Amino acid sequence: MNSPEPTGQWWAAEQSYTDAVVGEDTLAAMFEGAADRYGSAPAQRYKGGVYDRSLAPGVIPAAPDGEYADVSYEEMRSIVRRLAAGFRDLGVEAGDRIAIFAPTRMEWALADFAALAAGAAVTTVYTDSSPKQVRYLLDDPEATGVVVGDDSLLERVQAVEEDLDLSFSVVMDETAPDGPAADREDALTMAELYERGDETFDPDAYRRWIDERDPDDLASIIYTSGTTGQPKGVQLTHRNFRANVNQCRKRMGPRPDKGETPVLDEGSRTISFLPLAHVFERLAGHFLMFASGATVGYAESPDTLPEDLGLLSPTTGASVPRVYERIFDNMREQASDSAAKQRIFEWAVGVARDYARADSPGAVLSAKRSLADRLVYSTVKERMGGEIEFLVSGGGSLSQELAEMFLGMGIPIVEGYGLTETAPVLSVNPTEAIRPGTMGPPVTEVDARVDESAVGDGQFPEAEGPVGELEVTGPNVTDGYWNMPAETDATFTADGYFRTGDIVEITPEGYLRYKDRLKQLIVLSTGKNVAPEPIEDRFATSDRVDQVMVVGDDRKFVGAVVVPNFEAVRRWADREGIDLPADDEAVCRDERVREWVGQALDEVNADLERVERIKAFELVSREWTADNDLLTPSMKKKRRNIRHVHDEAIERIYEERAAATAE
C-alpha cells in the first residue's frame, strides 16, 4: 500500500514552497550561492585548545583555549576556494575520489566543499576504523588522496599504503618534525595545501571546475557502517544530496504559513558532534545547514557536550536516540540528590508527558506545566544552552515516551527516518505537527509504500495502518552500490522501488511508524515473529536499565541481555543499606540487584503482548560502545557482536529457565 498524503495546510504549503535555497545545482555551486547570500554572517565556530590546527593562526584566527572563535561565510569560501586550487595543483582531476579520515571538526567541512569544488567525489572513513578497515575504505573506491586529522591517523594510513594507490596525504593539524609526514613529499599539512592553492588560484578556472560538474555526477561514496557483514559503498550524486536539502528545506524552512513555529534559516545555530563520515550528520548538520545560512559550531567531542552547549547556545541540532537517552539520564541523576528533588522531577516528567499527549490542555494541566517549568524544565533548557527551538533525532528509533517528555518540556524533538542509500532523509516530523512515536510523513517527491507480504498476518495487532517492508522512490535515492551490481539489482524492485529492509507502519494520517529491521526480527521456535527494537525502546526512560538487547531466535521465548545502570544500582543500595561488592561483575550476580532490576522488566512486560514478554534475563557489566565494537559509529547495536561477546550469558538465560521449568 502507498502512503496517503497528510491533511493540513502545512502539507499543501510545503509542496509548492520555494526560495533561494531550493535549487537543482551541484553541492559546490550550492555553497557558492550560500556564501553570496550570507557573506559576513558567521558560518563556522571552532573551539581553541582542542587541535593543533595548521590553518591557525595564519589562515584562521587562533581561538583562545576553551573558547570559540568563528569565520564568516565569505571567509569560509575564501579558504574552500584555495584548498580546491591546492587539490588541483596536486593533480586532482574531475571524478577522482578523495577520502576524509578525521573526526568532526571545521576542517572536515572545508575539505569536503574544497574537494567537491575541485571536481572530486568524497569518500569517508570513520576514525575508529582498524588498519584493515582503512585499507578497504581507501582501496575499494580507488582513492587517489586522503585528508586526515592528525599524525596518528596518518600513521594508520601509512601502515597499509603499500596496498593503496594514493598520490598524496593532507594533515589538518601541524605535524611533528619526526612524525609520519617528515621527509615525505607526498604528505603536507592543510596550511601547506592552502598555500599551494593561494599561489595558483584563478577565479575563472575555479568557476569552470564548478560549472563543468553535473548534478548527476558522483558526489560521494559513503560506506554503510553496517551491523553485519562487509560495508557497501553507497553512490550518492550531487542530485541525491541536493534533492534532500530541498526536501528538508521545504519541511523546515521559513515558509510563510509557519507563523510562530520554529524554522531553520540564517538565524539558526547548530552544534555538530556526530561523525561527518556518516550520512546523517553530513546532510542534517552540514549541507542543509550551510545551504540555509546557519552557523555550525563544532563540539570538542561528544563527552564535552554539556560544556559546549553552554558556550554555543544552539537553537537546533541533530543527534541519535542514545544521546537523548543520556541527556535524560543526566537530568534524572542531577535530581537524585534528595528524595524531595527526585519526587519533584518524576512529577514534572509526568506532567510533561500528559501535556504532550493532551489534544487541548485545560487550565489545570497548563498551570501544572507552568509550575513544572519553573521548577524543572527551565533548568534543563538552561543546561542545553538556553535557546533550543527544536532538535532532530535520526539514526535509530526514538522512544515515544522520551519524545513526549521533551515535547512537553518545550524542547521539541522531531524524529525522522532515512538510510545512507537515500541521502538520507525519507521522512521527518514537521515542527508544526509532531506525532511522537512516528518518523513523520515522507518528504516531498518521495513515494513510499509497504510490501505487506514481508510480515506475517496479525504480527502487529496494535497497528492502525498497513505494516510491511518499506519501499521508496525519489530523487534522493541512490542508483546503487559501488562496484556491486548484483547487490544493487537485489535492492530494487522490478518497478524501481528501493527496498529499505525496514518494517514500517503507514498510519491513517500518512505518518511512518518504525517497527524493526526485517533481518532483526526474532523468529521463535514456535514460529512466532517478534520485533526486538520496540521492546528495547520501552527501557529508554528506565532508571534501572542502561542498555538492553532482546534475544530469542530459535528459542521458545524471548530473553534479554541487560546492562544495568550501575550508578542507580549503587544509589539504591546506599538508600537501602545494602552492601554491594565493588566489582561490577559481582554486582550483576547479586540476587538482590537482579530482583531490583527485574522489576523494571516486569513493568515493561505488563504492556507487551504475551509472545513479546521477556521471560528471563541476564545482567552483564560491559557497556556497549563504538570503541569496543558493540555499537556502530551512529550508536546502533551490533547485535551479532553483542551475541558473540555475551554468548555464555545468553545460554544461561535458556538453561536456567529450562531448569526452573523442569523443577
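Any read-out appearing in this document is the output of simple, stated calculations on the displayed coordinates, not a laboratory observation. Bear in mind that the values here come from a model prediction, so they are computed numbers and not experimental data. Heads up, the Cβs are rebuilt from the backbone with ideal geometry, glycines too, and the neighbour counts pull from every protein chain shown.
Available extension along the chain between residue 165 and residue 207 is 12.2 nm, counting 0.36 nm per residue and deducting the alpha carbon span.
Charge tally for residue 150 (other residues, Cβ to Cβ under 13 Å; Lys, Arg +1; Asp, Glu -1): -3.
How high is the FRET efficiency between residue 621 and residue 178 when r is their beta carbon distance and R₀ equals 41 Å, given to the nearest 0.05?
My answer for the efficiency is 0.50.
In the chain, the DSSP-assigned H stretches of four residues or longer account for a calculated mean residue ellipticity at 222 nm of -11000 deg cm²/dmol, using -39500 (n - 2.57) per stretch and the full residue count as denominator. A compact globular protein would have a Cα radius of gyration near 2.2 N^0.38 Å; the ratio found for region 384-542 is 1.09. Summarised in one figure, the compactness ratio Rg/Rh of the chain, Cα atoms and Kirkwood Rh, is 0.96. Candidate cross-link partners of residue 368 among the lysines, defined by an alpha-carbon separation under 22 Å and a same-chain spacing of 8 or more, comprise 341, 381. What separates the Cα centres of region 478-532 and region 398-473 is a distance of 14 Å. The alpha-carbon atoms of region 400-454 define a convex hull whose volume equals 108 cubic angstrom per residue. Taking a straight Cα-Cα cut-off under 16 Å and skipping sequence neighbours fewer than 8 places away in the same chain, the lysines within cross-link reach of residue 132 are 232. When the scattering of region 522-662 is computed by the Debye formula from its Cα atoms alone, each counted once and equally, what is log10 I(q)/I(0) at q = 0.10 Å⁻¹? The calculated log intensity ratios at q = 0.10 Å⁻¹ are -0.33. In µm²/s, what is D for region 182-256 at 10 °C and 1.306 mPa s, where D = kT/(6 pi eta Rh) by Stokes-Einstein and Rh is the Kirkwood radius from Cα pairs? Stokes-Einstein gives a translational diffusion coefficient of 96 µm²/s. Summary value for the chain: 12 percent relative contact order, contacts being C-alpha pairs under 8 angstrom separated by 6+ residues.
Annotation: lysines with alpha-carbon distance below 16 angstrom to residue 515 (same-chain offsets under eight excluded): 528, 636, 637. Placing unit charges on each Cβ (+1 for Lys and Arg, -1 for Asp and Glu) gives region 217-320 a dipole about its Cα centre, and among 319, 297, 236 the Cα reaching farthest toward its positive end belongs to 236.
Under a point-charge model restricted to the Cβ atoms of Lys and Arg (+1) and Asp and Glu (-1), what is the dipole moment magnitude of the chain relative to its Cα centre, in debye to the nearest 20?
That gives the chain a dipole magnitude of about 1840 debye.
Please say if region 54-125 is rounded, prolate or oblate, where rounded means a/c under 1.5 for a ≥ b ≥ c the square roots of the C-alpha gyration tensor eigenvalues, and otherwise the choice is prolate for a/b larger than b/c and oblate otherwise? Prolate is the answer for region 54-125, as a/c is 1.5 or above and a/b outweighs b/c.
Highest-first packing order for the peptide set 103-111, 401-409, 41-49, 61-69 is 103-111, 401-409, 41-49, 61-69, based on the mean count of other beta carbon atoms within 10 Å. What the phi angles of region 178-185 give under the Karplus curve with 6.51, -1.76 and 1.60, with θ = phi - 60°, is a coupling list of 10, x, x, 8, 5, 6, 10, 5 Hz, glycine and proline written as x.
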